[in-house]
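Down below is the structure, laid out as structure tokens.
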Amino acid sequence: MTQAGTVRDAIIAAGYPAELKIIRTAGDASAEPVEKIGVGVFTAAVRDALAAKEVDVAVHSYKDLPTAPDERFILAAVPPREDPRDALISRDSKVLGELAPGSVVGTSAPRRVAQLRALGLGLEIVPLRGNIDTRIGKVTSGELDAVVLARAGLARVGRVEEIAESLDPVQMLPAPAQGALAVECRAEEPELAAILAKQDDPDARAMVNAERALLAELEAGCTAPVGALADVVESLDDDGVIHEELFLRACAAALDGSRVIRASRTGRVDKAVEIGQELARELLDLGARELMPANLASDSGPPG
Ligand SMILES: NCc1[nH]cc(CCC(=O)O)c1CC(=O)O
């Protein structure tokens, strides 16, 4: 609701009327693991409402969108991205390295589970779903020693001061497109798309394009143990001229944390998709396919 509100506010600021319409999704209604509910748990109902003209604009957390393109819609804007890192919220604000072996940490994303286990801290990882209040509440109540969740969600609702540690991507690579929004409208409404395009951040779009191209090339979905993070950085070329470059890091992990395959690649910002695809092939060459359980690696077909 908060993130859709920021898009509504920007439309109003651009001189057009706008109001929020809340669409309840399968992901909101169920506490089951996301990989059990199926593809598009947080986005399908919103897209259906857009296609049915119940709404004119859809705002998604970009990482929740299936990688397959949907011809019914235009991705009109990727607004400036929030900090994409994962965050630790813990009792007594302990940082990850201060958690004693056996500490109980809640998180459901296989990507987070795998990377936490790979740290070898002896943490006990337990499944956790629900909105921010539900998840943080389990730390406050003492049921869990800590939870790991996206920093972006906390930033949007003004709760970053509760974070004990924003996890370094060296330890915990975020999900592809974490912290980014996707603003869609119907394909047959290019005038509306042009208005929404004022909210687009080309760097954020390039980062997300690279990360999502990697995910698609791995044929993995948002529930696969895959992390990816792109950044647009300044670099000096041989003639001493500063130019922008896209730097993409990624990992594929075994769910039990026994292995994490990491690789990175740098290239031109306008080659974001190619960089993502190439890095995916490198991960596959390094053995990524074997690491990913078949039922988690698929973005199509029935959830398993
Ligand atoms: N899977 C649900 C989901 N989708 C987007 C976010 C966080 C906000 C974002 O990435 O923009 C979350 C919750 C979480 O991962 O803690």
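Observations on the structure shown:
- FRET efficiency for Asp239 and Ser264, using Cβ-Cβ distance with R0 set to 30 Å, rounded to 0.05: 0.75
- Between Asp48 and Ala197, full extension at 0.36 nm per residue minus the direct alpha carbon distance yields a gain of 51.5 nm.
- This model, with +1 at the C-beta of Lys and Arg and -1 at the C-beta of Asp and Glu, gives the range 1-160 a dipole about its Cα centre of some 160 debye.
- Size descriptor, Kirkwood hydrodynamic radius, that averages inverse alpha-carbon separations across the range 128-263, Å: 17.7
- Spin-label model, Ser166/Glu189: points 7 Å from Cα along the beta carbon direction are separated by 3.4 nm.
- Take the Cβ atoms of Ala31 and Asp256, set R0 to 22 Å, and the FRET efficiency comes out at 0.40.
- In this Cβ point-charge picture (+1 for Lys and Arg, -1 for Asp and Glu), the range 86-166 has a dipole of about 340 debye about its Cα centre.
- The mean sequence separation of alpha-carbon pairs under 8 Å and at least six residues apart, normalised by the residue count of the range 1-80, gives a relative contact order of 24 percent.
- GNM remark for the chain: springs join alpha carbons under 10 Å apart, and the peak mean-square fluctuation among Glu161, Glu124, Glu278 falls on Glu161.
- In this simple spin-label approximation, Tyr16 and Ser141 carry label points 7 Å from Cα along the Cα→Cβ vector, and these lie 4.3 nm apart.
- Positive-pole candidate from Leu283, Gly267, Ala253, dipole of the range 207-297, charges at beta carbon: Ala253
- Each of the peptides 187-197, 147-157, 86-96, 205-215 was scored by the mean count of other Cβ atoms within 10 Å over its residues; in descending order, highest first, they stand as 205-215, 147-157, 86-96, 187-197.
- Straight-distance crosslink candidates among lysines, where the alpha carbon sits under 21 Å from Lys53 and sequence neighbours closer than 8 are dropped: Lys21
- When the range 57-115 is described by a simple charge dipole with +1 on each Lys and Arg Cβ and -1 on each Asp and Glu Cβ, the residue from Pro69, Leu99, Ala87 located farthest towards its positive end is Leu99.
- Whole-angstrom Cα spans of the range 1-105 along principal axes, big to small: 52, 34, 23
- Fraction of beta bridges assigned by DSSP in the range 86-166 that are antiparallel (%, nearest 5): 60
- For the range 26-64 versus the range 131-194, the gap between their alpha-carbon centres in whole angstrom: 16
- Under the criterion of Cα pairs below 8 Å and six or more residues apart, the relative contact order for the range 207-297 equals 35 percent.
- The relative contact order of the chain, computed from alpha carbon pairs under 8 Å that lie at least 6 residues apart in sequence, is 22 percent.
- For the range 207-297, the Cβ-based charge dipole about the Cα centre amounts to some 500 debye (Lys, Arg positive; Asp, Glu negative; other atoms uncharged).
Every number in this text was worked out from the coordinates using simple rules, so none of it is lab data. Computed from a prediction, not measured in an experiment: that's the story for all the values here. Virtual Cβ from ideal backbone geometry, glycine too; neighbours counted across all protein chains shown.
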